[in-house]
Amino acid sequence: MNKTYLSYNNIVSSLGFDSPTVVQNIHEGLSGVTLIEDETLFPNPFYASVIDSDQLGKAFEKLQPAGDYTRLEQMMILSLDKIIQASGVALTDRVGLILSTTKGNIDTLDPRNPMPAERAYLGTLGYIIKNHFGFSTEPIVLSNACVSGILAISTAKRFISQGTFDQVFIVGGDIVSNFILSGFNSFQAMSSLPCKPYCKQRSGINIGEVAASVLVNKDQDNLPPEAVEILGEASCNDANHISGPSRTGEGLYRSILSAFKEANVGPSDIDYISAHGTATIFNDEMEAIALNRLGLDAVPLNSLKGYFGHTLGASGLLETIIGMHSLYHNTLYPSKGFTELGVSQPLNIITAPTAKDLNFFLKTASGFGGCNTAAVFKKVRS
Amino acid sequence: MKAQHLKIKEYCKISNNRVLLNDQLLYEDQGSDFTTFIKLAYKKMNTNYPKFFKMDDLSKLGFLASDILLKPMTQDSEISKNIALVFSNSASSLQTDRKHQESIMDQENYFPSPAVFVYTLPNICLGEISIKHRLYSENSFFIFNHFNAKYLHDYASSLIESEKADEVLCGWINCDVEDYEAFLYLVSKEGSIEHNKEEIIKLYTTK
């Protein structure tokens with residue numbers, strides 16, 4: 001079977017418009033989550049991680065775009081443009097395009113939005129990105145709730161191993177919208193303060209927006225220094241509830257076990273876990289149970305939601321990219337917002353930037369519909 | 001295990017107010033709208049799963065088509081089957097998205113509901129099917145402008161060949177303003193139809 005690698009990558013977020021800047025800001029303890037007062041998004045002030053519109057507009061203008069693009073399209077194009085340029089990959093019929101998003105251009109359903117509501121079709125979003133760059137292949141849009149970003153990496157690996165493509169560009173993105181805020185608020189899932197994953201005082205999520213992109217490659221040449229190999233991945237459903245996680249963490253447990261099997265690694269091989277950690281009571285508790293069932297309680301772990309909020313369909317991809325840079329810098333980054341363990345099982349939450357020799361990391365995500373995904377990555381250059 | 005050894009064991013279609021299993025017509029009701037039709041089809045198929053009535057249209061459609069194929073395989077089995085679910089469509093969950101959007105348009109009449117919002121993700125349908133049939137398996141939901149047999153074929157083959165799944169329930173379930181359509185097929189190591197792009201297109205386009 002082919003090996004597959006994550007290579008060139010980019011993050012467009014409230015903490016910067018390229019991966020090294022974003023990672024540096026995390027190292028310095030900065031968070032993109034701020035108090036937002038915008039009644040077009042939500043009736044009351046709320047905490048979220050929102051990209052500055054002026055900065056986004058200016059950065060996008062430099063690409064000299066022809067035509068009108070939505071906020072999300074601008075974010076995605078800006079992100080993908082950087083890695084297409086950096087990699088120098090020609091967009092032949094051997095190169096795939098995967099978009100991971102939960103809601104795409106959902107803001108266009110609002111009649112106050114100047115763009116037509118037809119733009120909310122995710123396939124249309126796929127074609128806009130394809131046509132902008134001139135991809136030769138049909139875009140693949142993956143919309144699988146909050147595991148989409150990490151499942152997109154699995155999907156790219158699977159299409160490459162099946163011979164469908166040699167290389168795949170993945171771009172993930174979701175925006176902060178009144179649609180999403182009102183929905184999560186109706187679930188009483190939103191925190192009135194910056195979120196605190198795994199903490200005793202946690203009280204729910206913050207929403208965030210980001211576009212992240214990565215090139216998935218089957219060749220080991222032309223890799224940037226932070227590249228990682230995808231050793232194993234799996235996705236398992238809880239078969240339990242459509243909006244609540246399993247009490248036993250069944251799907252996550254099975255996903256990690258299956259990813260370990262394919263990667264041919266065990267719990268003792270894992271140097272770092274980039275977990276989901278939304279900061280809801282039930283999600284974080286479920287993860288603690290699943291990780292303890294696997295004997296992963298002592299492995300250093302963080303949630304990055306305290307820096308970016310929950311960026312939905314992009315979160316798994318964003319957090320995997322941070323993980324790549326964490327390995328490259330041999331540095332564990334703290335789980336922002338955490339002060340005191342607030343789950344029933346032990347976890348080794350990272351509380352300060354820590355230098356450590358890192359070679360393998362585990363990324364996990366869970367979402368509505370009972371979906372869970374896990375993937376194991378290994379540093380290419382040590 | 002090579003791709004050419006995989007087969008299509010069975011397939012189910014729900015469209016134009018007809019329910020078909022393989023080439024056999026199970027139910028037809030030309031006079032009804034979707035809401036009535038899918039309820040009558042549910043009864044005719046002896047589905048007997050009260051949670052069905054709280055689902056949105058996309059989940060109802062996908063759930064019923066899946067149930068017709070999976071019930072004989074899972075109802076008497078103590079052990080959960082490793083059947084992956086790989087669905088696709090063009091409208092994602094837009095019908096329910098529009099409903100949620102309407103509920104938040106007017107500040108004076110603001111009533112977002114968690115029972116609606118949860119269905120604003122297409123993969124919720126996969127969760128409903130997984131719960132009913134106790135499938136702790138791979139779930140993926142793709143959005144394509146049109147039915148894409150090549151991608152579905154390659155992805156399902158990869159899941160079985162990498163031993164991530166024993167069988168894959170694959171296909172297209174779509175609900176939009178004008179129309180609805182379900183076409184699901186079971187990829188397996190057994191069956192009489194070859195699992196290749198041409199056969200998948202043939203089954204999909206034969207009315």
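Coordinate-derived values only; no laboratory data. This is a predicted model, so every value here is computed, not measured. Positions of Cβ are generated from backbone atoms using ideal geometry, with glycine treated the same way; all protein chains shown enter the neighbour counts.
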- For the range B:3-205, what size does the Cα cloud have along each of its three principal axes, sorted from largest down, in whole Å? 60, 36, 34
- Given the options A:D52, A:D238, A:D166, which has the most mean-square fluctuation in a GNM of chain A, springs set between C-alpha atoms less than 10 angstrom apart? A:D52
- Task: Would you mind checking the range A:285-320 for residues with the amide N under 20 Å from a putative spin-label position 7 Å along Cα→C-beta of A:L193?
- Result: A:285, A:303-310
- Item | Averaged over A:121-133, number of beta-carbon atoms from partner chains that fall within 10 Å | 3
- Query: Over the range A:246-382, what is the percentage of antiparallel beta bridges among all DSSP beta bridges, to the nearest 5?
  - Reply: 60
- Backbone N under 20 Å from the B:D33 label point (7 Å along Cα→Cβ), restricted to the range B:73-97: B:94-97
- Counting helices only, and only those DSSP H runs with n ≥ 4, report the 222 nm mean residue ellipticity of the protein assembly as shown as the sum of -39,500 (n - 2.57) divided by its residues, in deg cm²/dmol to the nearest 500. -10000 deg cm²/dmol
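From other protein chains only, count the Cβ atoms within 10 Å of every residue's Cβ in A:145-154, then give the mean.
Going residue by residue through A:145-154 and averaging, the value is 3.
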- Item | Total formal charge among the other residues, if their Cβ is under 13 angstrom from that of A:G57, Lys/Arg +1 and Asp/Glu -1 | -2
- Query: Per residue of A:246-255, what is the mean number of Cβ atoms on other protein chains within 10 angstrom of that residue's Cβ?
  - Reply: 1
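At a Förster radius of 41 Å, what calculated FRET efficiency corresponds to the Cβ-Cβ distance of B:K207 and B:E102, to the nearest 0.05?
Result of the calculation: an efficiency of 0.75.
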- For the peptides B:101-109, A:287-295, what is the packing order when you average, over each peptide's residues, the other Cβ atoms within 10 Å and list the highest mean first? A:287-295, B:101-109
- Most fluctuating residue of B:H146, B:H133, B:H100 in a GNM of chain B with Cα springs under 10 Å: which is it? B:H146
- Query: Once you sort the root eigenvalues of the Cα gyration tensor of the protein assembly as shown as a ≥ b ≥ c, which label holds: rounded (a/c under 1.5), prolate (a/b larger than b/c) or oblate (the other case)?
  - Reply: rounded
- Shape category assigned to the range A:1-88 from the gyration tensor of Cα positions, a/c cut at 1.5: oblate
- Task: Rounded to the nearest 0.05, what FRET efficiency do A:M115 and B:S77 give with R0 = 41 Å and r taken as the Cβ-Cβ distance? Could you check?
- Result: 0.25
- Using a Förster distance of 45 Å, how high is the FRET efficiency between A:L257 and B:N48, based on the Cβ-Cβ distance and rounded to 0.05? 0.85
- Item | Vicinal HN-Hα couplings computed from phi for the range B:122-130 (Karplus, 6.51 cos²θ - 1.76 cosθ + 1.60; Hz; Gly/Pro x) | x, 6, 4, 4, 5, x, 4, 5, 4
- Query: What residue among A:L231, A:L347, A:L30 has the largest mean-square fluctuation in a Gaussian network model of chain A, using Cα springs under 10 Å?
  - Reply: A:L30
- Give the shape of the range A:5-217 as rounded, prolate or oblate, defined through the alpha-carbon gyration tensor: a ≥ b ≥ c are the square roots of its eigenvalues, a/c under 1.5 means rounded, and otherwise the shape is prolate if a/b is larger than b/c and oblate if not. prolate
- Please tell me the relative contact order of chain A in percent, rounded to the nearest whole number, where contacts are Cα pairs under 8 Å and at least six residues apart. 23
